[in-house]
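A short reminder: the numbers here are calculations on the coordinates, not readings from a lab. Everything quoted here is computed from the prediction, not taken from an experiment. Please note: Cβ atoms are built from the backbone with ideal geometry, for glycine as well, and neighbour counts cover all protein chains shown.
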Amino acid sequence: MQTIDAHHHLWKYDAKDYSWIGPEMGVLRRDFTPVDLHNELQQAGVDGAIAVQARQTLQETDWLLALAAQHDFMRGVVGWAPLIEASVAGELQRLASQPKLKGIRHVLQDEPDDLYMLRDDFNAGISQLRRFNLVYDVLIFERHLPQTIQFVDRHPDQAFVIDHIAKPRIRDGVLSPWRENLKELARRSHCFCKLSGVLTEADWRGWRSEHIRPYLDAALDAFGPKRCLFGSDWPVLLLASSYAGWAGTVRRFVSTLSSAEQERVLGGTAAEVYRLD
């Protein structure tokens, strides 16, 4: 059974570039390199991983692609591209010349306009992705789910992957309307869901398995094993857990599924949707 981490980050830390890393996140205030990642993968028995953008720059996307070209365990990259710009097709063509570019992401959750994903210029950029066989990773909070449903309906032939189970309010113990909206989104067969970023939506220091289980259950119930992907969100994960600790949590969560279903969640779905070699 191949295990693929469908969501991790790398960075050279700079306080200005990563201003979202606050004083309470001291563990993140350092460089995170492919060597660091490889050590974590080996200790957790994970075979490969997909790097996801953390900064909205073409320079970072190029950097991640260069690293992935050097390291076999970096199986793919979800980068950033200027989707609202008229030049996006040319940039996508350039980036997609690198075989490990598998997808594109924009940090929708941080846009002041909660309806940003419905902008015509943004959707024009999204419509270019299929030409290059690229997935779109959707990073949102749960309040964005209703408009995200409208958004994905505009692109029925485009593969979408929902990051971090759409960030429900786990810390507050709130399930609705997140659960119902996620289930409605999951009716779209071109949408997939990462079981990632869960612990940092819970109480970082006080979470227990019973706090997160209802949310993992709801995501798995909505999308099914064939459309769920294991992801770590490392190193952000370190605010709440070790890498191996989260990998063990997910493996225990899926342990009641059939072997074939476990294989899908832990690696098969990622290999399929991101077209991993």
Any lysines with Cα under 28 Å of the Lys12 Cα? List them, leaving off those in the same chain fewer than 8 positions away. Lys100, Lys102, Lys167, Lys194
Low-density loop positions, GluC sites (Glu not before Pro), region 67-175 - DSSP coil, at most 10 other Cβ in 10 Å: none
Under the Karplus relation with 6.51, -1.76 and 1.60 and θ = phi - 60°, whole-Hz ³J(HN,Hα) for region 272-277, x at Gly and Pro, equal 6, 6, 9, 6, 7, 6
Please give the FRET efficiency for Ser242 paired with Arg187, using the beta carbon to beta carbon distance and R0 = 41 Å, rounded to the nearest 0.05. 0.70
Bridge orientation stat for region 1-108 from DSSP, antiparallel percent rounded to 5, came to 10
Indicate, rounded to the nearest 5 percent, the antiparallel portion of the DSSP beta bridges found entirely in region 4-273. 5
Hey, fewest Cβ within 10 Å first, where do Met1, Met74, Met25 land in order? Met1, Met25, Met74
Please name whichever of His144, Gln98, His7 sits farthest to the positive end of the charge dipole of the chain, dipole taken about the Cα centre and charges placed at Cβ: Lys and Arg +1, Asp and Glu -1. His7
Report the local net charge at Ser87: Lys and Arg +1, Asp and Glu -1, summed over other residues whose C-beta lies under 13 Å from its C-beta. -2
If I take every Cα pair under 8 Å that is 6 or more residues apart in the chain, average their sequence separation and divide by the length, what percent do I get for the relative contact order? 20
Between the alpha-carbon centers of region 1-44 and region 157-197, tell me the distance in whole angstrom. 23
How much length is gained if the chain between Ser97 and Glu210 is pulled fully straight, taking 0.36 nm per residue apart and subtracting their Cα-Cα distance, in nm to one decimal? 36.2 nm
Which value, in debye to the nearest 20, gives the size of the charge dipole of region 4-273 about its Cα centre, when Lys and Arg are +1 and Asp and Glu are -1 at the Cβ? 420
Under the 0.36 nm per residue contour assumption, what length would be gained going from the current alpha-carbon distance of Asp110 and Arg131 to full extension? 4.8 nm
What's the exposure ranking of Thr33, Thr256, going from fewest to most Cβ atoms within 10 Å? Thr256, Thr33
Taking neighbour counts of Cβ atoms within 10 Å as a proxy for exposure, in what order, fewest first, do Tyr274, Tyr18, Tyr116, Tyr13 appear? Tyr13, Tyr18, Tyr116, Tyr274
With only helices counted (DSSP H, runs n ≥ 4, each -39500 (n - 2.57)), the per-residue ellipticity at 222 nm for the chain, to the nearest 500, works out to -9500 deg cm²/dmol
Rounded, prolate or oblate (a/c below 1.5 giving rounded, otherwise prolate when a/b exceeds b/c) for region 4-273 by Cα gyration tensor: rounded
How much length would be gained if the chain were fully extended between Val27 and Arg251, taking 0.36 nm per residue of separation minus their Cα-Cα distance, in nm to one decimal? 78.1 nm
